[in-house]
Amino acid sequence: MSELTKFSDHTKVAFLGSGNMAGAIVRGLIADGHQKDCVLVTDRSGKSGPALAKETGCTYVAETKELIAQAQILILACKPHQVADLLAPLQQEIKDSAPLVVSILAGTSCEKLAKSLPDGYSSLVRVMPNVGAALGQSTTAVATQSATENEVQAVADLFSAVGSVSVIDEGNFATFTAMAGCSPAWFAASVEALARAGVANGLSAATAMKAAAEAMRASADLLLAEEDLPLAGAEVIRRVCSPGGTTVAGLQAAESAGLRHVWAAAVEAAIARDTTLGAS
Ligand SMILES: NC(=O)C1=CN([C@@H]2O[C@H](COP(=O)(O)OP(=O)(O)OC[C@H]3O[C@@H](n4cnc5c(N)ncnc54)[C@H](O)[C@@H]3O)[C@@H](O)[C@H]2O)C=CC1
Ligand SMILES: O=C(O)[C@@H]1CCC=N1
């Protein structure tokens, strides 16, 4: 097995799957300057792959075996329950081409993924990106049990092209998935609920959504600008809550209605689901 020692704009990155998450990474990679003919995608239906290729200029490869033959990095981007059946008929092609295999599958450990790869296959790295990749704003975790330092670095370099990267202990993957993989949908739901409350009080839907989404973006930027990140939330809250003012009145009402409990429940449910995804 030959080791991929360096990631560059010319590294051949091949995606098994071209759905929501593969699409976000492909868009981000190409926007960052990755060579379009070095980004290859396939899919099961023959629909999303060609559409992604048309939109971004990446290459659609209808035959999975041909895609693997060309891959230096092979990104598993199907649903967790699909991966075993998908890889079973491709063992010889994976052995021959020996790509660095990267999984973005939620709830699927390196140990479990290894069972779907040829015996002793060590070039396997698990990552958890998010949809922000399309804008170069993914928050991505990386873990491995068997890959080399160079291979982990190559994967970190790939995902650095579409956002920030942390190498973490695989034991923390389910929690990280909740924090960064799932949370874009939860924040979207929160903004939608906030905007609806604005509409209930007389704003147009467009004005309410723009105001709520832009305020969320500004809040995120303010939080990330703080030097002491663990205290960033308290500091931004302090700056906005005028004593005896509207914000603290709203915050107390939201906390009485279960604000903290809602987020704790969401994280715990996602972690519990991650465990059952991994078992299926
Ligand atoms: N959607 C998200 O925000 C995130 C998703 N993930 C993970 O990414 C993976 C993909 O999720 P989505 O993109 O949302 O799903 P999706 O349903 O949009 O895409 C799945 C893709 O896999 C392809 N596929 C399935 N079986 C195949 C086969 N036999 N051969 C070739 N292609 C096949 C489908 O054609 C489709 O293009 C999941 O494992 C999920 O856990 C991870 C982080 C965030
Ligand atoms: O919902 C899911 O299972 C995937 C993992 C993180 C975001 N989407």
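The values are calculated or read from the model by the stated rules, or taken from the named source; none is laboratory data. Bear in mind that the values here come from a model prediction, so they are computed numbers and not experimental data. Quick reminder, even Gly has a Cβ in these numbers, built from the backbone with ideal geometry, and neighbours come from all protein chains shown. What goes into the accessible areas is simple: the full protein's heavy atoms, side chains included, and nothing from ligands, DNA or RNA. Shrake-Rupley method; radii C 1.70, N 1.55, O 1.52, S 1.80 Å.
Things to note:
- Filtered residues of the stretch 19-29 (kept if more than 12 Å from Ser103 (Cα to Cα) and either assigned to a helix (DSSP H, G or I) or more than 16 Å from ligand 2 (Cβ to nearest atom) (or both)): Asn20, Gly23, Ala24, Ile25, Val26, Arg27, Gly28, Leu29
- Selected residue [among the aliphatic types (A, V, I, L, M), within 16 Å of ligand 1 (Cβ to nearest atom) and in a helix (DSSP H, G or I)] from Val267, Val191, Val248, Val262: Val267
- Residue within the stretch 256-266 that is surrounded by 11 or more Cβ atoms within 10 Å (Cβ to Cβ) and either on the phi > 0 side of the Ramachandran plot or touching a strand residue (DSSP E or B) at 6+ places or on another chain (Cβ under 7 Å) (or both) present: yes
- Inside the stretch 107-121, residues that are within 26 Å of Asn172 (Cβ to Cβ) and open to solvent by 30 Å² or more (accessible area, probe 1.4 Å) make up a count of 5.
- Residue in the stretch 216-224 that is under 20 Å from Asn130 (Cβ atoms), away from ligand 1 (no atom under 16 Å from the Cβ) and among the basic types (Lys, Arg) present: yes
- Enumeration of residues in the stretch 47-71 that are buried (at least 19 other Cβ atoms within 10 Å of the Cβ) and touching a Pro at 6+ places or on another chain (Cβ under 6 Å): Ala71
- Residues in the stretch 246-274 that are β-branched (Val, Ile, Thr) and over 25 Å from the mean Cα position of the chain (by Cα) were compared, and the one that is nearest to ligand 2 (Cβ to nearest atom) is Thr247.
- Each residue in the stretch 77-106 was checked for being within 16 Å of ligand 2 (Cβ to nearest atom) and either of a type in the set (A, V, I, L, M, F, W, C) or crowded, with 21+ Cβ neighbours inside 10 Å (or both), and 8 of them qualify.
- Residue list for the stretch 136-154, filter: open to solvent by 70 Å² or more (accessible area, probe 1.4 Å) and assigned to a loop (DSSP other than H, G, I, E, B): Gln137, Gln145
- Number of positions in the stretch 189-230 that are open to solvent by less than 60 Å² (accessible area, probe 1.4 Å), under 25 Å from Ser164 (Cβ atoms) and out of contact with any helix residue (DSSP H, G or I) (no Cβ under 7 Å at 6 or more places or on another chain): 5
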